[in-house]
Every structure is written in structure tokens, then in C-alpha cells.
Amino acid sequence: MNPFKIDGLDREPIKTGTSLATQQLTALTHHQLQEALITMNRLLLLFILLFALSGSLQANPQVVRLATTTSTYNSGLLGHLLPHFEKQHGITVQVLSVGTGQALKLGQDGDVDLVITHAPVAEEAFVEAGHGIEPRSLMYNDYVLVGPKNDPLNLEQAEGILDALEKIHQRNRVFVSRGDDSGTHKKELELWELAGLQPGFRNYRAVGQGMGRVLTMTSEMKGYTLTDRGTWLAMRSRLDLALLYEGGIDLANPYQVILVNPQRHPGINHRGARLLRDWLLSETGQALINGFTVDDEPLFFADAN
Amino acid sequence: MDSIGSATLQAIQLLLSGDAELWQIIALSFRVSLTALLLALPLALACGFALAFWHFPGHWLLVTLNNTLLAVPTVVIGLLLFLLLSRSGPLGDLRLLFSQPAMIAGQFLMCLPILIAMSHTAYQSLSRHAWETTRTLGLSRLRSLWLITVEVRFALLAAVVTAFGRIIAEVGCAMMVGGNIAGYTRTITTAIALETSRGAYVQGIALGLVLLLLALGLNLLVGFCRGNSVQGASH
């Protein structure tokens, strides 16, 4: 039998008509209850304190934080490069794979030690504002325009990327935009501007997702999108899309590696970041970049010199 | 794209083959969520107990506030923690952003209101005089607390299972404050998000299956315990 399960009617606290003795007893137990709670709270405080202290207060010299774009990570390039560096220097590289906009913001706030991004204008502003130091060309690849396999707009015969975009705009075709302030997104907006067009036409879809997901969505919607070649090559076997336009200076996609300013953020692992940067720009790092292929096609071209 | 059937088959093969990366992600998820749960449990039980047995001015307000917290979306908790823990935020010197402790803190905050609400209800199922009864029987405060807690153990177990289910299946906050760093803060849910964006559905399905089996297992456990407790109460 359950000694505590008393009828629901008995639930209300005793207020009226109680003897003095009962009132005293109630007061006493309330007091004791409070004491019990205080004891518990002390234990909890200790718990929370220990928990807070368990996080390291200093930057771990064996860990470097790199914020980079989805194009270098999702394509598999970093998975190909970084184990070599980690083995050689005994340093773990933690990669945050985000858009260029967010990567630069993480660098600005000192949440990472270095960044690899591909948006020249934003990078210049980043360095000029003193958030980053010593920008270096790391590698390049290019952007390509992809769309439905049967190419209804005959973009393969377009005179240039701007001409191709104009056709999509004129015919009001579905164009999927990253819409996430990433390097690719910035590039796309730059191209619309160069073409003298407003991107906000009815079938222009800004989705705010990474490159991989944008390609999948484009494929599902039978639309067009601008993508970096790396992600395209890594993903094309799973997509119902074809490369429709490539080439030309307007589609160049240079990547830079930038160290976060250690004067702004003394707590970051600047030494480790510099080690990684120097290694990426070294002959070993550059050769590994050139040696990375998907389906026997190189994705990035080393550009340190 | 592979058909769902063949992708699922490959996913099961991947799980059974003991793929190291996959199982490491699963282990990490469990470690983070269990830690958060164990840290939150004592605090939540204390609060639930206090709310059930101690009536004070503003009691209803606390209950209402806690119920409100139940409805706060996880991305909002993630955003809040992100702003707090960023190096440019007030707690930036702790260097906790994009770390396991940050994820644990997020999950702690997520499971606390559930545990409080459900343990409050559990303790409420007993008479308010239960505490006084045990005390007048001469038991120490700690013994009384323990006895009362044991009395409602099945309801508390349901609370724990519900809370665990919520935090291990959560993606928004884990992504924001964990950062989905391979081998360090990549959990089942953030890995599914990443693999899907990469178009690697097999890994995503494999991890999804783990979550599904986990939910089934936990609910079977609760169902089993409930069944037992009903039998126990009926004689």
C-alpha cells in the first residue's frame, strides 16, 4: 500500500480550525523543508561551479580553429590536406564549415584563429578594419553556371556569363541563390550588377543554404544556379544538372588564407594558426592541393606564388 | 540519387560494419546528452520538489515561467548561448564557444524546464502531507526526500526519458554553439544535417536509424516500467 496517496480532497493545506499544536508542527516542517532545500542548493552550486571550471580557460596550443567556406570542406579538400599537417605538427585542426560572411565574422569576434575564404572585396575590408592580418593567396578555382541537362535556354552557346544570366532573367527561369552572404553569393550579386540586372525577379529564389543543399534544390526545381567548381564536381553524380557555362575572368574564384589579428584577440592560438598557414603555403601544402582530384579532375589550383 | 530502399540497406550495412567515424559520432552524442541530463537532474528534482511541496508567494508565476520555457525554440537557446559565449560576448573569456561544454550547457538549458515540469507533476501526485508524514515518522530530511523520490520513480523516469529524447534529437542549438567540428562537436543530428547538404544520404540514414531505434528503446523502457508500476499499485 502507498502511505502517501491520500484522497485528493485532502490536498488543500490546513488553514482554518487547526489547533495551535498543528500550526506549530506545520511551521516547523516548513522550516525544515527550507533547510533541506538550502542544502540541496549548495550541492547544486558546487556542481555548476565544477562544470564551469571544467571548460579550459586558456587556448589549447594543440588545437587550431579554422573557419572556412563550405566549398573547401564539403568538397573534401580539407579532409585530404589536414591529416598531413596534423600528423606532422601534432596539432588538431578544428574546422568550422560556414559561409564566407560568417567565417569572417567568426574571425572578427576572435572565435577562430584563421580563416580561408573567397570573397576578395569582403576580405579586403576585413584586413583594412584590422580584424585580420597578412592575407595570402592560397589557391583558386572558378565558378560555373549549372542548370537543367537539356539546356532549354541554350546557354552553352551564350556569349558570356552575363549574357547567360540575362537570358535566365528575361525568360524568368528558376534561379536558386545561396542568399547567405557567402563568397558564392557575393560573386553572384556582383555578376547581376555587372549585367545591369535586378536579381529580384519572380523566380529568383534566395534560400540561405550551403552550396551542397543549393545544388540539390536546384536539381529538384530544375532551375539554374552559380556554384564553385569544387562542390559541383564533388556532387554532380547525384544531381540531375549539367554544367552549362564556364570560363572567363568574371568567374574566377580566388581563395585567401588570413590570420586573425592577435593584437585584437590575445587569447587566440596565433602560433598554431601561423604554423598551419605557412604549411598550407609551403611546397608540401601546395602540392597536396594540386594533387586533390574528384573523378580524376583537379578541384583547386595552388596559387601561393 | 539512390532509392530510399537501397540507401537504407547501405546504411544498415554501414552501421553493422562498425564504421569508426559513425560510431564515434554516436558515442559523442550520447556522452554530451547524458552529461547535460545528469547535471540538470538534481537541480530539476529540487525545483520540482520545491514547487510541489512548498507553497510560497509567486509560486504560480514560477510554474508559468517554467511552462513558457518549455516552448522556447532550441535555436533561440542556441543564439543566446552563442552571443554569450562568443569571444566578443560577456562570457567570451571562458573560451567555450564551439566546444562540448557549450553544447552541454545548451542541452542543460533545454532539458531543465521539461524535467522541472514533469518532476513537479510527479511529486504533486503525492499528498502534500507526505513530507510531514515521513518527518514525523522520524526519518532524516535526506531519507524523507529519498523515500518520496522513490515513491514517484516511474513518473520521474518518464521525465528523464522525455528530456533525453528531446536533447539528443536537437539540432539547432548543437549546430550553433557546437559548430559541427568533426570528431569534437559533431553529433548525430548535426552530422545528418551535414551529410544531407553534401548529398551523402547513406550516412544520414544510418544516423537517423540510430535515433529512431533509440526513441523506440526508451519508450519501450518507459512502457515496461509503467506496466510494472500499474501492476504494483493494483494489488
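The values are calculated or read from the model by the stated rules, or taken from the named source; none is laboratory data. This one's a predicted model, so the numbers in the text were calculated from it and none came from an experiment. Note that each Cβ is placed from the backbone with ideal geometry, even for glycine, and that neighbours are counted across all protein chains shown.
Candidates in region B:93-105 are the residues that are in a helix (DSSP H, G or I) and without any contact (Cβ under 8 Å) to a residue 12 or more places away in the chain; of these, the one that is nearest to B:Ser29 (Cα to Cα) is B:Pro101. Listed by position, the helices (runs of 4 or more DSSP H) enclosed by region A:157-247 that each have at least 2 residues that are within 14 Å of another protein chain (Cβ to nearest Cβ) are A:211-221, A:229-235. Per the listing B:Gly204, B:Gly179, the residue uniquely over 30 Å from B:Leu69 (Cα atoms), buried (at least 20 other Cβ atoms within 10 Å of the Cβ) and modelled with pLDDT of 85 or more is B:Gly204. Step by step: first the residues of region B:12-55, then only those that are hydrophobic (A, V, I, L, M, F, W, C) and touching a Phe, Trp or Tyr at 6+ places or on another chain (Cβ under 6 Å), then the one that is farthest from B:Leu112 (Cα to Cα). Which residue is that? Selected residue: B:Phe53. With respect to B:Glu132, is the statement that it is modelled with pLDDT under 85 and under 25 Å from B:Ser17 (Cβ atoms) true? For B:Glu132, the condition - modelled with pLDDT under 85 and under 25 Å from B:Ser17 (Cβ atoms) - is not met. Scanning region B:50-81 for residues that are in a helix (DSSP H, G or I), touching a Pro at 6+ places or on another chain (Cβ under 8 Å) and surrounded by fewer than 17 Cβ atoms within 10 Å (Cβ to Cβ) yields a total of 3. When the test is whether a residue is within 12 Å of chain A (Cβ to nearest Cβ) and either surrounded by fewer than 21 Cβ atoms within 10 Å (Cβ to Cβ) or assigned to a helix (DSSP H, G or I) (or both), B:Leu84 does not pass it. On the stretch given as region B:50-77, residues that are more than 14 Å from chain A (Cβ to nearest Cβ) and closer than 26 Å to A:Gly110 by Cβ total 3.
Could you tell me whether region A:291-299 includes any residue that is β-branched (Val, Ile, Thr) and free of Cβ contacts under 8 Å to residues at least 12 places away in the same chain? Yes: region A:291-299 contains one or more residues that are β-branched (Val, Ile, Thr) and free of Cβ contacts under 8 Å to residues at least 12 places away in the same chain. Count of region B:106-138 residues, restricted to those that are at the interface with chain A (Cβ under 8 Å from one of its Cβ atoms) and assigned to a helix (DSSP H, G or I), is 6. Among the residues here, B:Val160 qualifies as more than 9 Å from chain A (Cβ to nearest Cβ), among the β-branched types (Val, Ile, Thr) and under 19 Å from the mean Cα position of the chain (by Cα). Within region B:161-176, being surrounded by 22 or more Cβ atoms within 10 Å (Cβ to Cβ) and small (Gly, Ala, Ser) holds for B:Ala163, B:Ala174. Looking at region A:57-145, the strands (runs of 3 or more DSSP E) lying wholly inside it that each contain 3 or more residues that are buried (at least 21 other Cβ atoms within 10 Å of the Cβ), within 14 Å of another protein chain (Cβ to nearest Cβ) and aliphatic (A, V, I, L, M) sit at A:63-69, A:92-98. Looking only at region B:8-49, which residues are of a type in the set (Asp, Glu) and either assigned to a helix (DSSP H, G or I) or facing chain A (nearest Cβ under 10 Å) (or both)? B:Glu21 - this is the single residue of region B:8-49 that is of a type in the set (Asp, Glu) and either assigned to a helix (DSSP H, G or I) or facing chain A (nearest Cβ under 10 Å) (or both).
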